[in-house]
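Scroll down for the structure; my scribbles are underneath it.
What follows is calculated from the coordinates using simple rules that are stated; it is not laboratory data. Every value quoted in this text rests on a predicted model; they were computed, and no experiment measured them. Counting neighbours? That spans all protein chains shown, and the Cβs are built from the backbone with ideal geometry, glycine included.
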Amino acid sequence: MADWNQPVENSIPSLTHGITHSDGVELDLRLTADNELVIHHDAKVSVKKTLLDNRNPYVEAWNLAELEDFGFSSLRTMMENREIAHNWRNEGKMVCLEFKRPHPKSPLGGGYFNAKGITKTLARMIANAQIILDEFEIPKANTVFYAFHNGMHKSVKNAGCRYNWAELLPVVPRFGPGKLKRMMAYPQYLITPFNKLINKHRTRGAAMVPCAIEYFQPFYNRLLIGKSVGLSGKRLTHFRKCQTGMPVYVWPAKERYEYRLLNSGITGLTDNLDPGFTWYKDGYPRWRFPATQPLDENQLYQLQNIEYDNHLDLLKELADNVPTWSEADSKRKSEITKMWRKKWNWGSGQEQSASGGEMAPPWQAVRLLGHRGAGKSSRPVIK
């Protein structure tokens, strides 16, 4: 297989690759100076410093056209891409939109103590996104909005949000490099065991629980005050008792944990969608479409019992012959949904109908998603 060149994160090529080579994608949105939504992760415009021409470096200080000149894209431009729109709308691919809070020093930041202002800014962003998604007839069944903001539940209410939503917890600061932000969130993480985290989401009305890999990663999950969860043994049993059908999304789904995350009923956001990555070190082939091209019990048995030397042939055979969720008939959808319901301990009433022409898998389905499309990039994003 030829070497794969990973496209730049959050770009149209990256999002296209991610949505066609997995169950969907996650992407980041920021508000521009002219009230448009640009797909961009960092607080500062991620280009070489010399290109900023000594201007305010924060994204919110720039018009969309200026950011497009650098090579960044808008949410609308993404939706005008037929392949992305078709997969999202008609093939049940999940898209997670993370709304980024402005840096305290940016034009919309309002300083370091501006929670109310951030709530209003996020509400404006959500309203803008909703207008665009409605225009392109994007379904609620495979879309979620979220943000690192304790007032996200207020933002969605103020925006009249009709899509699924959640808060990213523990909340990281709006300033500082990525590693520093995570370190500053650790004290909050240490006193928030998983049962407390999921109950907080349920109480506020969130549709799913996004959380850090540390909740399931050995060493880190043992530091928590309270009972911890994990990917095996008693910790996995405790996780299942806490989860009871609530979707849980984890980032980063590192290669060494991805198989166990998916097999434990957890959606993973991966930074590795290299088509050449086909075999886990756990000793199993990698199937990148657990939700949108789901395998039945017999096909899963084949996959889990194949030898390495024969796994590429089996992956090709399955890819060619297994119907996607949108192609499957109501009988197959019903059988697979029943299998998932039993395996993941979904409660009654938590099973989205598998008949009636649903294009998307059940909301609780376990997915593999591309983080920032096809994975994050080195800095600056635009070289």
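Things worth noting here:
- Label point at T203 placed 7 Å out along Cα→Cβ; residues across the stretch 139-154 whose backbone nitrogen lies under 18 Å: 149-154
- Once the Kirkwood radius over Cα pairs is known for the stretch 121-248, the Stokes-Einstein relation at 37 °C and 0.692 mPa s delivers a diffusion coefficient of 207 µm²/s.
- Derived scalar couplings between HN and Hα for the stretch 113-122 equal 10, 9, 4, 5, x, 5, 4, 5, 4, 5 Hz in order, rounded to whole Hz, by the Karplus curve 6.51 cos²θ - 1.76 cosθ + 1.60 (θ = phi - 60°), x for Gly and Pro.
- Bins of 5 Å from zero: percent of alpha-carbon pairs in the stretch 280-383: 2, 11, 19, 19, 17, 14, 9, 5, 3, 1, 0
- Close amide-amide hydrogen proximity is noted between W279 and R286, each under 5 Å apart and 5 or more residues distant or on a separate chain (H modeled in the peptide plane; Pro and chain starts excluded).
- Length gained when the stretch M359-T324 is fully extended (0.36 nm per residue, less Cα-Cα span): 11.6 nm
- In nm, spacing of pseudo-spin labels at E80 and K316 (7 Å Cα→C-beta vector): 3.9 nm
- Taking amide H as placed 1.01 Å from N in the peptide plane, the amide H of L273 sits under 5 Å from none that are at least 5 places away or on another chain.
- Approximating the spin labels as points 7 Å out from Cα along Cα→Cβ, the N298-to-K331 distance works out to 1.2 nm.
- Calculated SAXS-style log₁₀ I(q)/I(0) at q = 0.18 Å⁻¹ - the stretch 244-309, Debye, Cα scatterers: -0.71
- Per residue, the convex hull spanned by the alpha carbons of the chain comes to 140 Å³.
- The antiparallel fraction among DSSP beta bridges confined to the chain stands at about 20%.
- Note on Y112 and M183: the extension gain reaches 23.7 nm, defined as 0.36 nm multiplied by sequence separation minus the Cα-Cα distance.
- Computed FRET value (nearest 0.05) for K281 with I132, which takes r as the C-beta separation and R₀ as 51 Å: 0.80
- Reference-scaled alpha-carbon Rg (2.2 N^0.38 Å with N residues) for the stretch 88-163: 1.17
- Selection of trypsin sites (Lys or Arg not before Pro), the stretch 243-351, meeting DSSP coil and at most 11 other Cβ within 10 Å: K281
- Rounded FRET efficiency, nearest 0.05, which uses the C-beta distance separating R379 from I225 and R0 of 22 Å: 0.05
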